[in-house]
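Q: Dumping the structure here so I can ask a few things about it.
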Amino acid sequence: MPMNRAHAVTMRVRQRGFSYFVAIFMVAIVAVLSLHVQTNMATKERRRKEDELLFAGQAYRAAIQGYYLNTTDSARSYPPSIDVLLLDKRNSRIASHLRKAYIDPITGTPIWGVIYAPDGGIMGVYSLSPQQPIKVDGFPDVLASFTGAKKYQDWKFVYQPM
C-alpha cells in the first residue's frame, strides 16, 4: 500500500527526533566517560607526586643522617641548614650528602617544613601541604609513622640516631 505524502513527512519527523535523541544520549555517555578518565588521571598524578614526595623526603632524611655521621662521635651534630647538605666543608674532604635541593612535589615549591633538633640543627623535613594523602598504609618500616596520616604535613622525614 503506497504511503501518502502526509504520512511520509510524519515518519521523517519521527526519525529525526529519534536520531536527535540518540545523538544526545551519545554525547552524555562521552561526557561521563571523559569525566571518569579525567578523575583517574588526576588520581594517578597525585599518586605520582606522593611517590616523588616519598623519594625526596627519604633523600633529605638520608642526607641528614650522612651529615650527622660524617664526623667523630664527640662532634656529631645536625646540619644548620638544608644548603650544607649539598656541600659539607667541615672536614678536609668535602662531602655532598644531597645530590640536589628537591622541590616539594605536592606544593610545587622549594620550601619545606623543617624540624629542628633540641640541641640545634635540622633533624628532618616535611611537606607544607595540608592536603589529605591517598596513600595511608603499606609504608616501609622506617616510615611506619606515616600510617593513617591525615595530611601530607604529617609525613615527617626525620633522622634520629639510635
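Q: Of 37, 136, which has the most accessible area with a 1.4 Å probe, and how do the rest follow in descending order?
A: Numbers: 37 85, 136 60 Å².
If we order 37, 136 from most to least accessible, we get 37, 136.
Q: By how many degrees, 0 to 90 and rounded to 10, does the Cα axis of helix 5-69 deviate from the longest principal axis of the chain?
A: Around 0 degrees separate the two axes.
Q: Ignoring any ligand, DNA or RNA, what whole percent of the accessible area of the range 85-140 comes from carbon and sulfur when the probe is 1.4 angstrom?
A: About 55 percent, which is the carbon plus sulfur part of the accessible surface.
Q: Using θ = phi - 60° and the Karplus form 6.51 cos²θ - 1.76 cosθ + 1.60, what ³J(HN,Hα) does each residue of the range 100-113 get, whole Hz, x for Gly and Pro?
A: Those phi angles translate into 7, 7, 8, 8, 5, x, 6, 8, x, 10, x, 8, 10, x Hz.
Q: Let me ask something else about it. Once all Cα-Cα distances of the range 73-162 are split into 10 Å bins that start at 0, what whole-number percent is in each one?
A: With a bin width of 10 Å, the distribution comes to 15, 40, 34, 10, 1.
Q: To continue, here is another question. Given a 1.4 Å probe, how much area per residue of the chain is accessible, in Å²?
A: Result: 69 Å² per residue.
Q: Follow-up question, since we're still on this one. Taking only DSSP H segments of four or more residues, each worth -39500 (n - 2.57), what value at 222 nm results for the chain once the sum is divided by all its residues, to the nearest 500 deg cm²/dmol?
A: Helices in the chain give a 222 nm mean residue ellipticity of -15000 deg cm²/dmol.
Q: So how do 135, 89 rank on accessible area, 1.4 Å probe, biggest first, that is with the largest at the start?
A: So, going from the largest accessible area down, we get 89, 135.
Q: Output the Cα-based Rg and Dmax of the chain in Å, rounding Rg to one decimal and Dmax to a whole number.
A: Cα-based Rg and Dmax for the chain come out at 29.2, 109 Å.
Q: Right, next: Taking only the C-alpha atoms, wrap a convex hull around the range 111-162 and report its volume per residue in Å³ as a whole number.
A: Values: hull volume 4.3 nm³, N = 52.
Hull volume over Cα atoms, normalised by residue count, gives 82 Å³.
Q: Sticking with this one: What is the magnitude of the charge dipole of the chain about its Cα centre, with +1 placed on the Cβ of each Lys and Arg, -1 on the Cβ of each Asp and Glu, and no other charges, expressed in debye to the nearest 20?
A: 1020 debye
Q: Using Cα positions and a limit of under 24 Å, work out the lysines in reach of residue 49, with same-chain residues fewer than 8 apart set aside.
A: Cα-Cα hits under 24 Å: 100, 135, 150, 151, 156.
Q: Mind ranking 106, 111, 122 by accessible surface for me, highest first, 1.4 Å probe?
A: In descending accessible area the options line up as 111, 106, 122.
Q: Can I ask one more? In a Gaussian network model over the chain where Cα atoms closer than 10 Å are linked, find which of 132, 65, 38 has the largest mean-square fluctuation.
A: Looking only at 132, 65, 38, the biggest GNM fluctuation is shown by 38.
The values are calculated or read from the model by the stated rules, or taken from the named source; none is laboratory data. Please read these numbers as outputs of a predicted model, since none were measured by experiment. Note: ideal-geometry Cβ built from the backbone for every residue, glycine included; neighbour counts use all protein chains shown. To get the accessible areas, we keep the full protein, side chains included, count just its heavy atoms, and leave off ligands, DNA and RNA. Shrake-Rupley method; radii C 1.70, N 1.55, O 1.52, S 1.80 Å.
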